[in-house]
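The values are calculated or read from the model by the stated rules, or taken from the named source; none is laboratory data. Computed from a predicted structure; not experimentally measured. As a convention, Cβ positions derive from the backbone with ideal geometry for all residues, glycine included, and neighbour counts pool all protein chains shown.
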Amino acid sequence: MILVEPQYLPSVNYFNNIGKGEILVDINSDYANQYEFNQTRISNDVKSFDIKVPIINDKTNCKLKDLKIDNTKNWINSHTQSIQSSYGKYPYFLFYNDEIINVLKRRHNYLIDLNYDLLTHLLKILNYDNKIRIIEDDNSKIIDLRSKKIEFSNGQANDINKIRDDFFLGKNFDYRYSVIDLLFLRGPESGFLIRNFKKNI
């Protein structure tokens, strides 16, 4: 079993680490301003940048399950436009964009619900057959994959291009950008590429 935190439009690394085990979703983690809970990084032809879900109660001692989304801000439209402008010309954009945006448009009240729905949907798109359940205890044998701090470089577009090139050449796996970056580029083979990446080649 694999213990994860439900992240917002998780990175390719996230899905590579999941493997084939049952997924236990940890909703009791402390928020502590963790990057991955409410934001992700995408890229256009010029630069990479973050898109962030606004939250109301973002105190450092707040539990992930208690984080409320600030739906008074027009973040869904902003994210939709950012994704469109960044990936609209990618070969598989039209195949997946509406599905992903429709999850955002459900206007969840809690971040945990949004992230859980996105994770479930992305696993389906990527052809993962993992079962997901909310963790109730940690008495079982669990592989803990909860987040570590993500470090990004200076945000230039050539950084993501190098990461993509290394990934497709089968070396230096460190794809920190949102999985939608790969999904819009490689479509139905994305899940296969992630699961079959051979590290240390």
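Looking at the structure I just gave you, is TYR116 surrounded by fewer than 18 Cβ atoms within 10 Å (Cβ to Cβ) and farther than 17 Å from GLY191 by Cβ? Yes, satisfied. Residue count for region 173-199, restricted to those that are outside any loop (DSSP other than H, G, I, E, B) and at negative phi: 17. Scanning region 123-167 for residues that are at pLDDT 80 or above and outside any helix (DSSP H, G or I) returns LEU126, ASN127, TYR128, ASP129.
In region 69-94, the qualifying residues are those that are in contact (Cβ under 8 Å) with a residue 60 or more places away in the chain and in contact with a helix residue (DSSP H, G or I) (Cβ under 6 Å, 6 or more places away or on another chain), and the one that is nearest to ASN57 (Cα to Cα) is TYR87.
To keep it simple, each residue is scored yes or no on (1) over 27 Å from ILE160 (Cβ atoms); (2) over 16 Å from the mean Cα position of the chain (by Cα).
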{"position": "PHE15", "(1), (2)": "no, no"}
{"position": "ASN44", "(1), (2)": "no, yes"}
{"position": "ASP50", "(1), (2)": "no, no"}
{"position": "ASN57", "(1), (2)": "yes, yes"}
{"position": "ASP66", "(1), (2)": "yes, yes"}
{"position": "ASN77", "(1), (2)": "no, yes"}
{"position": "GLY88", "(1), (2)": "no, yes"}
{"position": "LEU94", "(1), (2)": "no, yes"}
{"position": "TYR110", "(1), (2)": "yes, yes"}
